[in-house]
Amino acid sequence: MKKWIPYLMILLAVAGTIAYMTYNKPHADAASERPEYSISPLGLVREFLDNEADANEKYLGKLVQVQGVIRTVVLNPNSATVTLETGDPMTSVLCEFETPAGLEALKSGQKVSIQGFCSGMLGGDMMTDVILNRCAL
């Protein structure tokens, strides 16, 4: 009857090791990796508006590079958000940075290339935004 206890202990040790390694896995860094997709802000928004399910499957969690013109820059003490123009005042691409360091010189109307991990579309009745997280210039 007690023959199964060693097997249980081994199973728990393996499961614990896997859980520990998964939890402590380093996050991918947008600045040091090559993007999987490079697209204009308008093209990215259009793909989500045309078919959100397909766009989610294609872009969600992937590193995406967008090149466009800055609409707004919001610098906070611990983060920053850069909004890119799409040509439509009701849509945009929101690029969220984990730190405002190095973004102080960015201005509205400036052309920029940003890459970040796509977290999908945030839409409502009036505005539609595609969100990129953990962004880098």
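What follows draws every value from the coordinates through simple rules; no lab data is involved. This one's a predicted model, so the numbers in the text were calculated from it and none came from an experiment. Ideal geometry is used to build each Cβ from the backbone, glycine not excepted, and the neighbour counts take in all protein chains shown.
Any aspartates and glutamates with Cα under 20 Å of the LYS2 Cα? List them, leaving off those in the same chain fewer than 8 positions away. Those aspartates and glutamates meeting the cut-off do not exist here. Size descriptors for the chain: radius of gyration and Dmax over Cα atoms are 20.2, 74 Å. Amide H contacts under 5 Å for LEU122: ASP129, VAL130, ILE131, restricted to partners 5 or more places along the chain or on a different chain, H placed in the peptide plane at 1.01 Å from N. Remark on the chain: CYS118 stand apart, with no other cysteine beta carbon under 4.7 Å.
Cross-link partners among aspartates and glutamates for LYS111, C-alpha distance below 15 Å, same-chain residues fewer than 8 apart left out? List returned: GLU85. Relative to a virtual label point 7 Å from the Cα of THR72 in the Cα→beta-carbon direction, which members of region 94-113 show backbone nitrogen distances below 17 Å? Inside the label zone: 94-97, 106-110. Computed on region 37-136, with alpha-carbon pairs under 8 angstrom and 6+ residues apart, the relative contact order is 30 percent.
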